[in-house]
Amino acid sequence: MAYTATNARNNMNALIDELQKKYDDLMDYQFTPVLTPTQKDIIRNQAMKVLLEKHHKSLLAYFDAASTQVIRDPTPTEVKALQIALTEMSMVLDSFANFQAVVKFVEDVMTQNAQRFNDILKTIDL
């Protein structure tokens with residue numbers, strides 16, 4: 001079974017929940033009567049680190065939920081071109097046709113990446 005965006009989202013939410021539980025445990029533990037002031041400071045410090053990590057992960061989760069896919073998946077034509085180019089690259093580059101196939105593929109990839117970059121710039125209104 002493939003790992004999907006839903007799996008990633010569920011794992012991130014589970015991580016955030018566990019960080020919150022760990023923070024709550026640490027905050028409860030700091031009120032243990034036998035702890036010295038130094039130990040309480042260490043526990044509070046660790047609790048703040050956990051809280052900061054939870055906040056960071058929450059922001060990542062919100063950002064991921066609000067983001068939209070800008071770069072599209074490759075088309076079947078692009079996939080076929082990659083397969084052909086990889087087949088050509090595995091052969092000896094002694095013929096001019098093989099060399100041309102590889103160069104054309106690389107040029108096409110660079111052109112498509114430039115076009116996608118321009119699409120991204122239009123999307124974010126720079």
For a quick check of your reading of the model, give me the residue pairs whose first member lies in the range 30-43 and is at negative phi, whose second is part of a loop (DSSP other than H, G, I, E, B) and surrounded by 10 or more Cβ atoms within 10 Å (Cβ to Cβ), with beta-carbon atoms closer than 8 Å and at least 6 apart or on different chains.
Lys40/Gln30; Ile43/Gln30; Ile43/Leu35
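Yes/no per residue for (1) modelled with pLDDT under 80; (2) part of a helix (DSSP H, G or I):
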{"site": "Glu53", "(1), (2)": "no, yes"}
{"site": "Tyr62", "(1), (2)": "no, yes"}
{"site": "Ala85", "(1), (2)": "yes, yes"}
{"site": "Phe99", "(1), (2)": "yes, yes"}
{"site": "Phe105", "(1), (2)": "yes, yes"}
{"site": "Asp119", "(1), (2)": "yes, yes"}
{"site": "Asp125", "(1), (2)": "yes, no"}
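The values are calculated or read from the model by the stated rules, or taken from the named source; none is laboratory data. All values derive from a computational prediction rather than experimental measurement. Positions of Cβ are backbone-derived with ideal geometry, glycine not excepted, and every protein chain shown enters the neighbour counts.
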